[in-house]
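See structure below.
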Amino acid sequence: MRAVKGRVLSVASECVPLLKTGGLADVVGALPKALAGQDWQMRVLMPAYRGLVGRLNGAEEVWTGGDLFGGPAIVLAGEVDGLDLLLLSAPHLYDRDGGAYSVAGADFADNPERFAALSWVAAEIARDGLGDGWRPQILHAHDWQGGLAPAYLRYGGASEVKSVITVHNIAFQGLAPAAKLGALRLPASEFHPSALEYYGNISALKAGLVTADAITTVSPTYADELMRPEFGMGLQGVIAARAAKVRGILNGVDTEAWDPAREVGTVPYDARRLGRKAENRTRLLAEFGLGEVPGPLAIVVSRLTDQKGIDLIPPVLPDFIAAGGGLAVLGTGDPHLEAAMRGAAAAYPGRVGVRIGYDEALSHRMFAGADAVLVPSRFEPCGLTQMYGLRYGTLPVVAATGGLADTVVTASPMALATGAATGIAFHPTDALALGQALRRLVQLHAQPVQWAAMQRTAMRQPVGWETSSAAYAALYSELCG
Ligand code: ADP
Ligand code: GLC
């Protein structure tokens, strides 16, 4: 066995395979395995939401606290699917009906306390270690739910442990009323604009951004965008002030789970046997109740929210459908966007199919069968589905923003001539540009030789974790340096 270079405690509100509402969970769940290849050991601390403790193999109590924001708490260490997990069991905070953040569409009123508690325990473990003798050198917090962890570590006095915060989405900032300062165990002396205070409230994300030793985000372009008012969502000044400590490290995807050659329930294919994708297309059309689609069959697999630009799709459909295109949508989210998608299916029977829901297995079959994947996001810190698209030769049509801009090489004349093109990137994110991109998609799809060449280039792109895990490992080494 090779020697471990160091140990990292990762703290987050979700992690595959135990709980996922978005790409955050994929990334938090993938990093430990990716970092093991770089000789860094990572353990993940997350809340023991209802039902999770029973899924932990070999559970062992490794930490006990006194009162944790109104009740008792312990940390259980164990393993799930090869992942070394630490579950914070605090029934008064996490053992309840609903999802991780809300019940019946309403956020839990005590979310500030729930994730402050998670962050508090992370900082305690970072400082004092676990009962099994394990102690990290790095505390790595994700998003606002982990944001207070670097802050508690810093405000608790000198420590050798270094901290990193990763911004997966700056739209969620973890605001709490100033009156909660004491209840959240935060020092009143830090309630000012250079620290915890954000326009009269406490901001858990800002607290992490000002106290962590390093800030990362999930693509280089988003790292640059975050310093602009259009993307920084009020925190652009805070990020810009720490520009020297900010790094954009692109996410990877799990190339074993996402592999068209080993996909269950589809005809396997790879870059040399692209013809076999046609059978998956036929099956996908049938699964969505669609008839013949002479042009490109596009898919959307997404949360249906404003961030994702879903509202831009209905206005461009008449032209796309008239040009021969088809669309299959899988997603859940805002009721008005769900209704808009249902409306599109009703307006174009046989050409547009919609499934409202969350269905991992179906999403795989969609990537295996479709020609293109649409990601018209207004902002996209990284985005994973365009990378699934690359891997499956399902060419991405993306807004040129954040990680989408960093992963897709648009089919410009030069990129086509050199064989570098992997999809279509459009700008700005509006219906005009999306409509133009779809017109381009129809044209490219009608040229089978060029289309297949793009598919093969797309399928060769390095969308795994190798480069990014090395970048995280380098950052940890620098911090420990
Ligand atoms: P975000 O985290 O902003 O939602 P990402 O692209 O980073 O965006 O990650 C979204 C993840 O969730 C991807 O793995 C995607 O395939 C998955 N996903 C989103 N909606 C659905 C759905 N309705 N069914 C299955 N998987 C979904
Ligand atoms: C967030 C972002 C998404 C990113 C994911 C994982 O949910 O919206 O772009 O891929 O986090 O980092």
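Identify all residues within the stretch 441-481 that are of a type in the set (A, V, I, L, M), under 26 Å from L297 (Cβ atoms) and free of Cβ contacts under 8 Å to residues at least 24 places away in the same chain; write none if there are none. Quick ask: steps written out before the conclusion?
Step one: filter the stretch 441-481 for residues of a type in the set (A, V, I, L, M), giving 441-442, 444, 446, 449, 452-454, 458-459, 463, 470-471, 473-475, 479.
Right, trim to under 26 Å from L297 (Cβ atoms) and you get 441-442, 444, 446, 449, 452-454, 458-459, 463.
V449, the sole residue that qualifies.
State yes or no: is T410 under 25 Å from the mean Cα position of the chain (by Cα) and within 18 Å of Y392 (Cα to Cα)?
Details: under 25 Å from the mean Cα position of the chain (by Cα): yes; within 18 Å of Y392 (Cα to Cα): yes.
Taking the combined requirement at face value, the residue satisfies it.
Considering the stretch 306-333 alone, what residues qualify as being among the small types (G, A, S) and away from ligand 2 (no atom under 16 Å from the Cβ)? Don't jump to the end; show me each part of the working.
Going through the stretch 306-333, the residues among the small types (G, A, S) turn out to be 309, 322-326, 328, 331, 333.
Answer for the stretch 306-333, where residues must be among the small types (G, A, S) and away from ligand 2 (no atom under 16 Å from the Cβ): A322, A323, G324, G325, G326, A328.
For K5, only one of the following conditions fails: (1) within 16 Å of ligand 2 (Cβ to nearest atom); (2) in contact with a Ser or Thr (Cβ under 8 Å, 6 or more places away or on another chain); (3) charged (D, E, K, R); (4) open to solvent by 50 Å² or more (accessible area, probe 1.4 Å). What is its number?
(1)
Looking at (1) within 13 Å of ligand 1 (Cβ to nearest atom); (2) touching a helix residue (DSSP H, G or I) at 6+ places or on another chain (Cβ under 7 Å); (3) of a type in the set (D, E, K, R); (4) farther than 27 Å from T407 by Cα, which is the one condition that is false for R351?
(1)
With the checklist (1) more than 28 Å from D224 (Cβ to Cβ); (2) surrounded by 17 or more Cβ atoms within 10 Å (Cβ to Cβ); (3) more than 12 Å from ligand 1 (Cβ to nearest atom); (4) without any contact (Cβ under 8 Å) to a residue 60 or more places away in the chain in hand, flag the one item R342 doesn't pass.
Single failed check for R342: (2).
Mind listing whichever residues of the stretch 306-329 are of a type outside the set (V, I, T) and open to solvent by less than 10 Å² (accessible area, probe 1.4 Å)? Break it down stepwise before answering.
Filtering the stretch 306-329 down to residues of a type outside the set (V, I, T) leaves 306-309, 311-312, 314-315, 317-320, 322-328.
Result: G309, L317, F320, G324, G325, G326, L327, A328.
Collect the residues in the stretch 213-231 that are away from ligand 2 (no atom under 15 Å from the Cβ) and in contact (Cβ under 8 Å) with a residue 60 or more places away in the chain, keeping them in residue-number order.
D213, A214
Going through A240, A223, A204 one at a time, which residue ends up being hydrophobic (A, V, I, L, M, F, W, C) and open to solvent by 40 Å² or more (accessible area, probe 1.4 Å)? Please lay out each step first, then the result.
Values: A223 fails: open to solvent by 40 Å² or more (accessible area, probe 1.4 Å); A204 fails: open to solvent by 40 Å² or more (accessible area, probe 1.4 Å).
Answer to the selection: A240.
Scan R303, R273 and give me the residue that is surrounded by fewer than 18 Cβ atoms within 10 Å (Cβ to Cβ), more than 16 Å from ligand 2 (Cβ to nearest atom), modelled with pLDDT of 95 or more and among the basic types (K, R). Give the derivation first.
On the way: R303 fails: more than 16 Å from ligand 2 (Cβ to nearest atom).
Result: R273 is the single residue among R303, R273 that is surrounded by fewer than 18 Cβ atoms within 10 Å (Cβ to Cβ), more than 16 Å from ligand 2 (Cβ to nearest atom), modelled with pLDDT of 95 or more and among the basic types (K, R).
Just to be sure I understand, how many residues within the stretch 36-63 are open to solvent by 60 Å² or more (accessible area, probe 1.4 Å), of a type in the set (S, T, N, Q) and touching a residue at least 24 places away in the same chain (Cβ under 8 Å)?
The qualifying residues number 1.
So, P260, is that one within 16 Å of ligand 1 (Cβ to nearest atom) and open to solvent by less than 30 Å² (accessible area, probe 1.4 Å) or not?
Working: within 16 Å of ligand 1 (Cβ to nearest atom): yes; open to solvent by less than 30 Å² (accessible area, probe 1.4 Å): yes.
In short, yes.
Pick from the stretch 13-23 the residues that are in contact with a helix residue (DSSP H, G or I) (Cβ under 8 Å, 6 or more places away or on another chain) and not in a loop (DSSP other than H, G, I, E, B): which of them is nearest to ligand 2 (Cβ to nearest atom)?
Within the stretch 13-23, the subset in contact with a helix residue (DSSP H, G or I) (Cβ under 8 Å, 6 or more places away or on another chain) is 13-20.
Right, trim to not in a loop (DSSP other than H, G, I, E, B) and you get 15, 19.
Working: C15: 12, L19: 14 Å.
Checked the stretch 13-23; the qualifying residue nearest to ligand 2 (Cβ to nearest atom) is C15.
Right, A399: open to solvent by less than 20 Å² (accessible area, probe 1.4 Å), more than 24 Å from R228 (Cα to Cα) and either near ligand 1 (Cβ under 10 Å from one of its atoms) or in the same structural domain as A328 (by TED's automatic domain parsing) (or both) or not? Step through it out loud before you land on a result.
Working: open to solvent by less than 20 Å² (accessible area, probe 1.4 Å): yes; more than 24 Å from R228 (Cα to Cα): no; either near ligand 1 (Cβ under 10 Å from one of its atoms) or in the same structural domain as A328 (by TED's automatic domain parsing) (or both): yes.
When the stated conditions are applied, A399 does not pass them.
Looking at the stretch 339-361 only, could you name the residues that are among the hydrophobic types (A, V, I, L, M, F, W, C) and more than 19 Å from the chain's Cα centre (by Cα)? Walk me through it before giving the result.
Of all residues in the stretch 339-361, those among the hydrophobic types (A, V, I, L, M, F, W, C) come to 339-341, 344-347, 352, 354, 356, 361.
Those that are among the hydrophobic types (A, V, I, L, M, F, W, C) and more than 19 Å from the chain's Cα centre (by Cα): A339, A340, M341, A344, A345, A346, A347, V352, V354, I356.
Going through the stretch 349-370 one residue at a time, which ones are charged (D, E, K, R) and in a strand (DSSP E or B)? Before the answer, list the steps.
Step one: of the stretch 349-370, the residues charged (D, E, K, R) are 351, 355, 359-360, 365.
Scanning the stretch 349-370 gives a single hit, R355.
Does the stretch 388-398 contain at least one residue that is under 19 Å from the mean Cα position of the chain (by Cα), within 16 Å of ligand 2 (Cβ to nearest atom) and not in a helix (DSSP H, G or I)?
Checked against the condition, which is being under 19 Å from the mean Cα position of the chain (by Cα), within 16 Å of ligand 2 (Cβ to nearest atom) and not in a helix (DSSP H, G or I), the stretch 388-398 yields at least one hit.
If I go through the stretch 135-172 residue by residue, how many of them are at pLDDT 95 or above, more than 16 Å from ligand 1 (Cβ to nearest atom) and of a type in the set (A, V, I, L, M, F, W, C)?
Selection size over the stretch 135-172: 10.
State which residue is least open to solvent (accessible area, probe 1.4 Å) when the search covers only the stretch 439-481 and only residues that are out of contact with any Asp or Glu (no Cβ under 8 Å at 6 or more places or on another chain) and of a type in the set (D, E, K, R).
Filtering the stretch 439-481 for residues that are out of contact with any Asp or Glu (no Cβ under 8 Å at 6 or more places or on another chain) and of a type in the set (D, E, K, R), the one least open to solvent (accessible area, probe 1.4 Å) comes out as R440.
Here's the yes/no breakdown for (1) assigned to a loop (DSSP other than H, G, I, E, B); (2) modelled with pLDDT of 95 or more; (3) away from ligand 2 (no atom under 16 Å from the Cβ):
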| position | (1), (2), (3) |
| --- | --- |
| L9 | no, yes, yes |
| A25 | no, yes, no |
| Q38 | yes, yes, yes |
| L45 | no, yes, yes |
| F69 | yes, yes, yes |
| P72 | yes, yes, yes |
| E79 | no, yes, yes |
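The values are calculated or read from the model by the stated rules, or taken from the named source; none is laboratory data. All figures in this text were calculated on a predicted structure; none of them were measured in a lab. All Cβ positions, glycine included, derive from the backbone under ideal geometry; neighbour counts span all protein chains shown. Note: areas computed on protein heavy atoms with side chains; ligands, DNA, RNA excluded. Shrake-Rupley method; radii C 1.70, N 1.55, O 1.52, S 1.80 Å.
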